[in-house]
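Below: one structure, written as structure tokens.
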Amino acid sequence: AVVSTQSTGDTTIGLSPECSKLQLEFASSSSDFTTCLGKNTKPVQICVTCFEDFSSVNGSFHNISTSAHCAEKLLDSDNAMVIRRLWDSYRNMWTSALCDTCSGLTENRTHEFSNKTDEVLLCFNEHIQHPHMICIECSEKYDALLNLFKSLQSAGYACADLADSMNSTARMWSVDYGCGHPPVEYLPVLAMTAAMSFIPFSFYLALWKFPTCGPS
């Protein structure tokens, strides 16, 4: 196989064209996914909005790891192991956020949660001129939402997107309107935050390794 001897926009020093192509595809999909994460952290809508980008970077890593000619060279031949570390950080974040349980909001249960959340927020808005009435008029809708979330959580379906939404609504209910107990920070959001803390380091390490893939 012909090996590249210089760095260009399409090839990388020391890599065959096949391996260079796989490397650049992973770099591009990593950049897209990291950008999506950054744009959808508040409110958290990562599982919904970044599903396609995660699938893309997952596919790129799979192509590398199953390549007979490129897997060892791209994944294990340098001490930094940038590609492997990047993928591990992405996978750990996605898993800790329980994103597979509600990616794309295609399941009936997540549609139901979204609809009930909208009902509660609409009720808040309808009584915003008389906040003291919110605890009375919106109680039934809020309790229905909270009970649904708890049932999803018990079944393992409360991904970070849903947990962050519930956290936000609970803070409004208990803190802004003084209607109930202090809100609880649900675990998928906390776990996801911890997992994401490693991503910036990995991404900047990747910029060092893939300099030709950055913005021109």
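The values are calculated or read from the model by the stated rules, or taken from the named source; none is laboratory data. If you're wondering where the values come from, they're calculated on a predicted model, not measured in any experiment. Here the Cβ is made from the backbone with ideal geometry for all residues, glycine too, and neighbour counts use every protein chain on show. All accessible areas refer to the heavy atoms of the entire protein, side chains included, with ligands and DNA or RNA removed. Shrake-Rupley method; radii C 1.70, N 1.55, O 1.52, S 1.80 Å.
Just a few scattered comments:
- Check on Ala194, closer than 28 Å to Ser30 by Cβ, at pLDDT below 90, among the aliphatic types (A, V, I, L, M) and surrounded by 15 or more Cβ atoms within 10 Å (Cβ to Cβ): no
- Residue match in segment 112-135 (condition: in contact with a helix residue (DSSP H, G or I) (Cβ under 9 Å, 6 or more places away or on another chain) and within 30 Å of Phe61 (Cα to Cα)): no
- The set of residues in segment 34-72 that are over 27 Å from Cys159 (Cβ atoms), in contact with a helix residue (DSSP H, G or I) (Cβ under 8 Å, 6 or more places away or on another chain) and open to solvent by 80 Å² or more (accessible area, probe 1.4 Å) contains only His69.
- Members of segment 102-113 that are open to solvent by 30 Å² or more (accessible area, probe 1.4 Å), on the phi < 0 side of the Ramachandran plot and either at pLDDT 80 or above or not acidic (Asp, Glu) (or both): Thr106, Asn108, Arg109, His111, Glu112
- In this entry, Val57 is excluded by the filter for residues that are assigned to a helix (DSSP H, G or I), within 22 Å of Asp161 (Cα to Cα) and in contact (Cβ under 8 Å) with a residue 40 or more places away in the chain.
- Of the residues making up segment 131-142, just one is among the acidic types (Asp, Glu) and open to solvent by 90 Å² or more (accessible area, probe 1.4 Å), namely Glu140.
- Any chance Phe26 is open to solvent by less than 10 Å² (accessible area, probe 1.4 Å), within 30 Å of Ala163 (Cβ to Cβ), at pLDDT 85 or above and outside any loop (DSSP other than H, G, I, E, B): yes
- Condition met for Ile128 (of a type in the set (Val, Ile, Thr), surrounded by fewer than 18 Cβ atoms within 10 Å (Cβ to Cβ) and either more than 18 Å from the chain's Cα centre (by Cα) or closer than 26 Å to Cys36 by Cα (or both)): yes
- The residue list Leu86, Leu145, Leu75 contains one member that is open to solvent by less than 40 Å² (accessible area, probe 1.4 Å), out of contact with any strand residue (DSSP E or B) (no Cβ under 9 Å at 6 or more places or on another chain) and free of Cβ contacts under 8 Å to residues at least 12 places away in the same chain, which is Leu75.
- Taken over segment 3-23, the criterion of being open to solvent by 60 Å² or more (accessible area, probe 1.4 Å) and modelled with pLDDT of 90 or more is satisfied by Pro17, Glu18, Lys21.
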